[in-house]
Every structure is written in structure tokens, then in C-alpha cells.
Amino acid sequence: MESMKDPAELVQRFVGFAERGQWQRIEELFAPELRAAVSADAVRAGWTAEATPLGPVAGFGAPRSESAPGGLTRVSVPVSFAKGDLVIVIATADDGLLHGLRLGAPGEWTVPSYAAPKRFTEREVVVGEGPLAVPGTLTMPRGDGPFPAAILLSGGGPFDRDGAAGPLKPLKDLAWGLGSRGVASLRFDKVTAVHAEVLAEMIEFTAADEYLPYALDAFRRLRESPAIAADRIYVLGHSMGAKMAPRVAEAEPGIAGLVLLAADATPMQRSAVRVARHLAGLGLVPAEMAAVMERQAATVESPALSRSTPIEDLPLGYSGAYWLDLRSYDPVATAEALDLPMLIAQGGRDYQVTVTDDLALWRAGVGDRPNVDIRVYDADNHMFTPGSGPSTPAEYSTPANVDPAVIDDLVGWLDPDSPRPGRRFSGMRVRGS
């Protein structure tokens with residue numbers, strides 16, 4: 001297919017193919033490195049989850065361009081649908097091909113009510129080493145310290161340091177909420193967001209590579225700071241970041257404890273099937289999507305899975321090496337082997353990580369320990385923003401912040417001596433079965 005120099009035309013071509021279900025035609029728009037990392041099935045899954053519920057396309061807004069690393073140009077194009085809006089963000093170059101692609105919700109992040117920016121400072125840091133190092137942000141409370149600190153780990157996928165999904169920035173909410181109340185934090189862009197082109201050539205790249213080197217380097221940087229209490233550095237993970245947190249603590253004995261927010265314990269391929277079925281049941285995605293995910297999950301679980309298994313036969317665009325690594329890792333069993341305090345928090349309305357499927361496994365594994373707190377926030381979704389009724393992907397398109405009750409409880413658990421409003425424990429506290 002002929003490449004297009006006009007980024008807005010490139011976006012319109014992508015949208016047209018997506019509306020007609022021409023997923024293989026979309027792959028022809030990809031630069032080679034993106035094609036190696038993202039399959040047609042992955043594009044279809046993203047489109048059906050984010051765009052299909054909004055109805056047919058009604059029009060396009062004015063594109064906005066900015067420079068991006070690697071000589072690329074990042075272009076954001078607002079797209080209006082019958083029932084809502086999305087922003088399609090692409091990275092392109094002189095070749096007129098797609099080097100990056102993301103669907104997001106319009107709207108802007110709003111400063112949470114519990115954040116007091118005058119009470120903390122932020123500065124840029126570099127996390128990791130060598131060519132795969134990533135930028136990050138160190139949030140420090142004002143004062144002498146030493147302060148407790150949290151290493152913030154975002155969920156699965158190429159998230160930035162804020163865990164941004166449309167107008168939602170849950171990790172930034174957490175950092176600002178904690179920083180306002182005397183708890184430092186370090187968050188960073190994921191390597192999959194910063195170095196996607198390089199990783200596309202690294203067929204042996206695994207979940208351990210995605211998380212461990214960066215979390216361990218963040219720990220080292222925090223421990224070396226005289227303003228940080230070296231014996232009070234915690235790992236705070238969300239979603240897949242929470243799943244990987246016990247693995248970080250297993251590798252670093254100096255970790256003081258774990259905070260697991262929406263921690264998936266079900267094998268990820270099974271979670272993907274469950275989510276697809278849930279969305280199909282709501283009429284938000286085609287039923288065939290769940291069937292495809294089921295076949296891909298069976299491939300992950302097959303004894304024949306290998307590093308050479310084609311990516312298109314596997315869920316979520318991850319390689320055979322990535323799935324082999326995940327298949328060998330049990331987060332609950334790893335947590336059971338650690339003698340660490342843990343706070344496990346779960347949104348009651350979360351359909352991606354659920355009370356029934358995931359929290360039940362954490363409760364069975366570590367819930368009866370005296371140093372483990374399990375709290376359920378009945379009104380919260382996967383991003384820990386409150387709402388009512390069944391949670392759907394469309395809910396993530398509305399600007400919102402992490403539940404203030406979650407911030408209160410995190411501060412109370414990480415720094416019991418910190419002054420804070422309201423009750424010490426705001427969530428429903430659960431212990432054991």
C-alpha cells in the first residue's frame with residue numbers, strides 16, 4: 001500500500017478500515033517495527049472495546065502535532081462518533097507509515113481535591129540503565145524527612161508514568177495524593193512505551209524484563225537518598241504492576257512491604273477471555289472476539305507453546321517468550337513465600353480484575369495473615385474511580401480521580417503517623433475468607 005505523507009489522512013484511512021473491519025489492511029499501514037509488535041487481532045480488540053460502543057464515525061477534528069523521540073512526529077486527531085468522542089494518537093515519520101498508535105478519550109486530567117501541590121516537589125529522573133533506560137518523576141514531600149516512599153508500577157501495556165488512559169491518570173493521582181501527605185514516590189514511563197521499536201526486535205523480551213530492572217533501579221535510587229527512610233520503601237502496583245510486585249520483592253529483600261491495587265491473580269490469558277465475554281455480553285464487542293481469545297488462551301496453555309509460536313496465535317500481541325515467562329509465575333504463591341506486610345485493595349465494580357475471580361485467590365493465599373489487610377471499595381472500578389452501575393470501557397472516557405478513600409487508606413497504611421482527615425480505614429476491611 002502506498003504510504004501517506006499527511007498524518008490526518010493516515011488517521012482517516014485507519015478509521016475507515018476499522019469501521020469496515022478490514023484489520024489486515026490496517027496492518028499494511030504499519031511500519032515494520034510496529035507490525036512486528038502489534039497484530040491485526042490486537043487492533044481489532046482495541047477498536048471494539050474503545051470505539052465500537054460509540055457508534056458510527058461522525059467527523060474528524062483538527063490534528064495537533066508535536067515532536068516525539070526517534071525523529072518521529074506524534075499527531076493527535078479528535079474523532080467524533082454518534083455517541084461520544086475519541087482521540088486517535090499516532091506516531092509517524094517521513095515514510096508516511098504508522099510507527100505508533102493509541103486510542104484515547106478526550107478531556108483533560110483534573111487535579112484531585114486531595115492534592116496540595118505546594119506540599120511537595122517533583123523532578124525528572126532516569127530509571128534503568130543503558131539504551132533501554134526510561135524517564136520518570138520523583139515526587140518528594142517538602143520538609144526534612146526522612147520520608148516513607150512508594151515505587152509505583154502501572155498496569156499491562158505501554159503506559160506512561162501516570163498510567164494515563166484518556167483523561168484518567170491514576171498513578172499521578174496516587175503520587176500527588178501521597179506527596180501531599182508526607183509519602184514520597186517514584187513513577188516512570190514503561191519501557192514498552194518509550195522503546196517500542198527496539199523491543200519489537202527483542203523476541204526474548206518478557207514480563208520480568210518489563211518490570212524488574214526498573215523497579216529494582218528505582219529502589220536503589222530511593223534508598224540512596226538521605227531524604228528517604230531506607231527501611232520504609234514499598235512497592236505499590238496497579239493491575240499487572242500489582243501482579244508483578246511480589247516478584248520485585250522476591251528479588252529485593254530490602255522492600256518494606258507491598259500495596260496491591262486491583263492485582264490480577266487469575267492467569268492473564270484467562271482474564272482476557274473473561275473480559276472479552278463480559279464485553280460481548282454487554283453487546284460492546286462481537287461474540288467472535290471472545291471465541292478468538294479462547295483459542296489464543298488455549299495456545300498459551302498448550303504444552304506446545306514455545307518462543308517461536310506466532311504472535312497472531314497468542315492473546316494481546318505478546319510473544320511466546322512473554323507468555324512462557326508469565327505461565328511460570330504465580331503471584332499469590334510468590335507472595336505467600338514473602339514475610340512482608342501487604343495491603344490488597346480491590347474495586348467492587350471492577351470487571352477486569354474481580355472480587356470473585358482474583359481477590360478470592362489472594363484471600364485464600366495470604367488473607368489470614370495478621371500483617372495483610374484486604375480492603376474492598378464497593379463503588380470503585382478498575383481505576384479506583386467511584387461510580388454506580390456496571391462498569392464499562394466508556395466509563396474511562398470521563399475525567400475522574402482515584403477515590404479519596406483509597407488515598408486516605410494508603411497514607412494510613414504507609415505512614416500511620418501522618419495527619420489525615422476522616423477515618424483511618426475507609427474501605428471495607430476483609431481478613432481471611
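The values are calculated or read from the model by the stated rules, or taken from the named source; none is laboratory data. These numbers were taken from a predicted model, which means no experiment stands behind them. All Cβ positions, even for glycine, are placed from backbone atoms using ideal geometry, and neighbour counts span all protein chains on display. Surface areas here come from the heavy atoms of the whole protein model, side chains and all, with no ligands, DNA or RNA. Shrake-Rupley method; radii C 1.70, N 1.55, O 1.52, S 1.80 Å.
At-a-glance table
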{"item": "Base-10 log of normalised Debye intensity for segment 359-403 (one unit scatterer per alpha-carbon) at q = 0.21, 0.24 Å⁻¹", "result": "-0.75, -0.84"}
{"item": "Accessible area of LYS169 in the full protein assembly, 1.4 Å probe (Å², nearest 10)", "result": "50"}
{"item": "Expected-Rg normalisation [2.2 N^0.38 Å, Cα atoms] applied to segment 203-258", "result": "1.14"}
{"item": "Solvent exposure, largest accessible area first (probe 1.4 Å, DNA, RNA and ligands not counted), of PHE205, PHE219", "result": "PHE205, PHE219"}
{"item": "Along principal axes, Cα extents of segment 277-385, largest first, whole Å", "result": "45, 36, 19"}
{"item": "Net charge contributed by nearby residues that have their C-beta within less than 12 Å of ILE203 (K/R +1, D/E -1)", "result": "-2"}
{"item": "26 Å Cα-Cα threshold exceeded, pairs from LYS83/LYS243; LYS83/LYS172; LYS118/LYS172", "result": "LYS83/LYS243; LYS83/LYS172"}
{"item": "Under the Debye formula (equal points on every Cα, no solvent term), log10 I(q)/I(0) of segment 213-332 at q = 0.11, 0.13 Å⁻¹", "result": "-0.49, -0.64"}
{"item": "Structure-derived volume of the Cα convex hull per residue in Å³: which label, when the choices are (i) 138; (ii) 172; (iii) 150", "result": "(i)"}
{"item": "Whole-Hz ³J(HN,Hα) from phi, Karplus 6.51 cos²θ - 1.76 cosθ + 1.60, for segment 81-97, glycine and proline x", "result": "10, 4, 10, x, 10, 9, 10, 9, 10, 10, 10, 9, 9, 5, 6, x, 10"}
{"item": "Total charge dipole magnitude, segment 168-221, about the Cα centre, Cβ charges on Lys, Arg, Asp, Glu only, Debye to nearest 20", "result": "540"}
{"item": "Neighbour net charge for ILE90 - beta-carbon separation under 9 angstrom, K R +1, D E -1", "result": "+2"}
{"item": "ALA360-SER302 FRET efficiency (beta carbon distance; Förster radius 25 Å; 0.05 resolution)", "result": "0.45"}
{"item": "Most mobile listed residue (GLY130, GLY237, GLY96) in the chain, GNM with C-alpha springs under 10 Å", "result": "GLY130"}
{"item": "For LEU153, distant residues with modelled amide H under 5 Å away", "result": "LEU236, GLY237, HIS238"}
{"item": "Burial order of peptide ranges 298-305, 352-359 (average beta-carbon count within 10 Å, highest first)", "result": "352-359, 298-305"}
{"item": "log10 of Debye I(q)/I(0), alpha-carbon scatterers only, for segment 88-198 at 0.15 Å⁻¹", "result": "-0.72"}
{"item": "Cα centre as origin, Lys/Arg/Asp/Glu Cβ charges: the chain dipole, Debye", "result": "1100"}
{"item": "Whole-percent carbon and sulfur share, accessible surface of the chain, 1.4 Å", "result": "53"}
{"item": "For the chain, with +1 on Lys and Arg beta carbons and -1 on Asp and Glu, the positive-most of PRO253, TRP413, THR309 along the dipole", "result": "TRP413"}
{"item": "Selected from GLY59, GLY157, GLY389 as most flexible by GNM, with the chain as the system and alpha-carbon contacts under 10 Å", "result": "GLY389"}
{"item": "For TYR396, solvent-accessible area (1.4 Å; no DNA, RNA or ligand), Å²", "result": "30"}
